[in-house]
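Report on one structure; see the data block that follows.
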Amino acid sequence: MTGMDSQLTDDALLRNLHQLRTYAILQLDGVGRVHRCNAGVEALFGYVAEELAGRPFSCLFTESDREQGTDQRALSRALAGHFEPTTLAMVRKDGSRLRASLVLESVASEGDTSMLMIVRDITDFFQAEIRVREARESAQRVQQLDAVNKLNLGLSHDFNNLLSVIGNSLEMLAARRAGDEAARRIVDIALRAVARGTQLTRQMLALGGAQVQAPEVREVSGLLHASQDLYGRVCGRGIALEIRADADLLPVTVDVGQFEAALLNMLSNSRDAMNGVGRIVVEAKTGVMALPATEGRERPFVCITVGDSGPGIGGDIKQKVFEPFFTTKTAGDGNGLGLSQVHDFAAQSGGGASIGTSVLGGAAVSIYLPAVV
C-alpha cells in the first residue's frame, strides 16, 4: 500500500468514526475540556458538537458523581494510564439519564496531552440484567415459600389432630365432672384455648390451600345478624359494635365457615388496633365494580367493610397488610395470618379485599364477594 493509499484509508476511518452514532467519542484536553466530538454524542446525549466545545466533560456526569469527585478521579487515572472501563449513570441534554459504559484514555496529540472519551449506551442491557436478576430472585422466593408451605401443611395437620384429641378428652372430662363448678371453669378455659388453636390451624391450612371450600348461597345480612352476639363477645365490653346492612342486599355464594373466620379476623384486628376501647361499624352494601378476579369486567358485588375508630393504617404498610406473617404487633401478640386469611378467602370466593380509611377515622378492611343475580 502506498503512502497516499494509507492516507486515504486513515481519512476514511476518521470520517467513519466521526459519523459513528452508536458510540459517543469525545476528544478532551488535559484538564477535561471538550475539543471535538463525533455524531454519536448527539445520538446518545442530544448535544451537537458546538454546544459541548470548550465545556468540561463532567457536564455529562450526574450531580451526585460530580459532588463525589468521580469525574476528577477518572481524569487523573486516565492521565496516569490506570483508568479501567467502568459503568455509571450519565446525563443527557434534556436531563434524562442513561446507563453508560465509559472508557477514558490518554493519547499524544501534536506534543500536547489529550484524552479520548468513549461512551456506549448500555441502558437496555442494564435493565435486562435487572429483570433477569429479579426473575431469579423471584424464583428463589417461590421455592422458599413452597418449602415453608409444605412444612406448614404437615405441622398444621399434626397439630390439628392433637387438638382434636385434647378437645374430645376435655369434653369427656367435663361430662364426668358436670356437678363440679370449679372443674367446669377450668375445662372451659382449656376448651377456649383449644378453639383458638383450632382456628389458627384452619388459618394455616387455608394459607397452604389445603382447606377445601364448601360454598353455598346465603344472605349476608342474615349471616351478620345471626352472629352479632359472637361478634360482640370477640370485640369485648369496651367496644361499641354496630352492624349496618342494606335492605336490598343480593345473596352471595360463600363457604360460611371461612366467611365467619374472615369476619372474626377483621373484628379482632380492629379490636387490637384500639386496645379494646372504641367503636366498630360493620357495613354491607351492594355495588358494581371490576376486580382482577373478573378480568376487568364489571359485575355486582356485595361489599362487607369492618371500620374502626383506631389510629388507622399508615400508607407505607398498606401494601403489606395482606401478606402472610406480616404484623405490626409485638412478638407474641400476633401471627400475621388474620388479614392474610381474609384476602385468601375473598380471592378464592371470586372477589377481593382492600384496606382504607373508615367513616370513624380509623382503618377499614373490605371484602368484595360476587353477588348472585
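Coordinate-derived values only; no laboratory data. Quick caveat, the model's predicted, so the values are computed rather than measured. Here Cβ is always computed from backbone atoms with ideal geometry, including for glycine, and neighbour counts include all displayed protein chains.
In sequence order, region 44-55 has phi-based couplings of 8, 10, x, 9, 8, 4, 5, 6, 9, 4, x, 8 Hz under the Karplus curve 6.51 cos²θ - 1.76 cosθ + 1.60, θ = phi - 60°, and Gly or Pro positions carry x. If R0 is taken as 45 Å, the Cβ-Cβ distance between residue 92 and residue 289 corresponds to a FRET efficiency of 0.60. Coupling constants for region 75-85 follow from the phi torsions by the Karplus curve (6.51 cos²θ - 1.76 cosθ + 1.60, θ = phi - 60°), and in residue order they are 5, 5, 5, 5, 5, 8, x, 10, 6, 10, x Hz; glycine and proline get x.
Work out how much length residue 135 to residue 123 would gain on full extension: take 0.36 nm times their residue separation and subtract the Cα-Cα distance, in nm to one decimal.
Working: separation 12, 0.36 × 12 = 4.32 nm, distance 1.83 nm.
Value of the extension gain: 2.5 nm.
Placing dummy labels 7 Å off each Cα toward the beta-carbon, the span from residue 181 to residue 256 is 3.5 nm. Scalar couplings 3J(HN,Hα) for region 353-364, obtained by applying the Karplus form with A = 6.51, B = -1.76, C = 1.60 to θ = phi - 60°, are 9, 8, 9, x, 10, 8, 5, 8, x, x, 7, 9 Hz; x denotes Gly and Pro.
So, by mean Cβ neighbours within 10 angstrom, what's the order for 262-274, 63-75 with the highest one leading?
Values: 262-274: 22.2, 63-75: 14.7.
Per-residue Cβ counts within 10 Å, averaged per peptide and sorted highest first, yield 262-274, 63-75.
In this structure the amide hydrogen of residue 239, modeled in the peptide plane, comes within under 5 Å of the amide hydrogens of 278, none closer than 5 places in sequence on its chain.
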